[in-house]
Amino acid sequence: GLGKLLSDVATLVDLSARHSGVTLDVIEPGGEIFVEADPSSLRAAILNLALNAVEAAGSGGRVMLAIQENPGRVRIEVRDNGPGPSPQLAEQDRLFEPFATSKPEGVGLGLALARSVAEDHGGSLTWGRNGDETCFVIEIPEDNPPGA
């Protein structure tokens, strides 16, 4: 289920977070959530978002991973309290294009990959600023929605 997937990602990201002086919070879902998904590609997508978030948060920053269950859909959220994407990338929604990046050494494939994984699963990847946080959300249909 997704809870296990999230804790796998947290384990992988934790090292990088500690190295960067970033606090990592994981909000596990109450029960087990199942989605019709390829675990390795979904894990890679969440991992990419989480590592981006750690980098964006910077030393002393905070990253949060959470899963929320909505009727028939699952939201996987990755938030960070970094400054957010550069305005020129954000404005044109170019964030998700391969190679769009504001990091000189980064090859912004992470977001393009994460979006294509979400879309492969019949879902979406969106992002927004919420107060002082940047929040990336992967939404995918739940495997067995109640009443199906």
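The values are calculated or read from the model by the stated rules, or taken from the named source; none is laboratory data. All values derive from a computational prediction rather than experimental measurement. Using ideal geometry, Cβ is built from the backbone for each residue, glycine included, and neighbour counts are taken over all protein chains shown. Heavy atoms of the whole protein, side chains included, go into the accessibility calculation; ligands, DNA and RNA do not. Shrake-Rupley method; radii C 1.70, N 1.55, O 1.52, S 1.80 Å.
General remarks:
- Ranking 19, 121 by solvent-accessible area of protein heavy atoms (1.4 Å probe, all protein chains present), from largest to smallest, gives 19, 121.
- For the stretch 19-79, GluC sites (Glu not before Pro) meeting the loop criterion (DSSP other than H, G, I, E, B) and having at most 10 other Cβ atoms within 10 Å: 32.
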